[in-house]
Amino acid sequence: MKTEIDANIQAVLDSAQFIGGPYVAELEKRLAAFAGRGYCVTCANGTDALQAAFMAAGVGNGDVVFCPDMTFVASVEPAKMLGAVPVFCDILPDTYCLSPESLERQIQAVLAEGTRTPKAVIMTPLPPSANGMA
């Protein structure tokens with residue numbers, strides 16, 4: 001596949017169409033078909049993908065986004081960029097994933113406070129080594 005891959009990379013470089021353009025349109029079309037969906041929108045990175053999802057969900061000023069307290073900054077940055085407040089939840093010590101009990105406590109605390117609206121939960125996946133994929 002090296003020859004085909006190299007030729008496609010060279011075609012992209014020659015056209016200088018790195019953002020949008022026919023190559024991205026083709027990728028989105030193929031990904032949508034692969035996923036059995038009508039549409040697919042590619043993003044430059046996970047931060048952009050989270051921001052797009054937050055925007056689609058209407059996350060903004062006064063909203064709360066719940067996140068695990070052991071995560072990368074990109075998990076909360078899109079919420080902050082849209083004016084939302086990240087609220088951190090404890091993690092489970094064996095998986096490093098968000099603790100459902102801690103999430104429930106934090107949701108109840110936000111609701112009791114009554115000044116902000118719970119809007120989203122960020123669930124980071126297990127690291128590969130934690131689920132036997134290392």
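Between Asp63, Asp14, Asp94, the Gaussian network model of the chain with springs among Cα atoms under 10 angstrom shows the greatest mean-square fluctuation at Asp14.
With each run of n ≥ 4 DSSP H residues scored as -39500 (n - 2.57), what mean residue ellipticity at 222 nm is computed for the chain after dividing by its residue count and rounding to the nearest 500 deg cm²/dmol?
Working: 5 runs with 60 residues, N = 134.
One gets -14000 deg cm²/dmol as the mean residue ellipticity at 222 nm.
For the options Glu28, Glu77, Glu101, a Gaussian network treatment of the chain with springs between C-alpha atoms closer than 10 Å singles out Glu28 as fluctuating the most. Taking the DSSP beta bridges with both ends in the chain, the antiparallel portion is around 10 percent. Springs join every pair of Cα atoms under 10 Å in this Gaussian network model of the chain, and among Gly83, Gly58, Gly114 the largest mean-square fluctuation is at Gly114. You can think of it this way: the chain between Val121 and Tyr23 has 32.0 nm of extra reach, that is 0.36 nm per residue less the Cα-Cα gap. Between the range 40-94 and the range 107-127, the C-alpha centres lie 11 angstrom from each other. Compared with the dominant Cα axis of the chain, that is its longest principal axis, helix 100-113 is turned about 60°. Based on Cα contacts under 8 Å between residues 6+ apart, the chain shows a relative contact order of 20 percent.
To one decimal place, what orientation-averaged projected area in nm² is obtained for the convex hull of the Cα set of the chain?
On the way: hull surface 44.8 nm².
If you wrap the Cα atoms of the chain in a convex hull and average its projections, you get 11.2 nm².
Between Cys43 and Lys2, the modelled label-to-label distance comes to 3.5 nm, taking each label 7 Å out from Cα in the direction of the beta carbon.
Throughout, read-outs are computed from the coordinates displayed, never taken from laboratory work. Being a predicted model, the structure only gives us computed values, none of them experimental. Glycine gets a Cβ as well: all are built from the backbone with ideal geometry, and neighbour counts include every protein chain shown.
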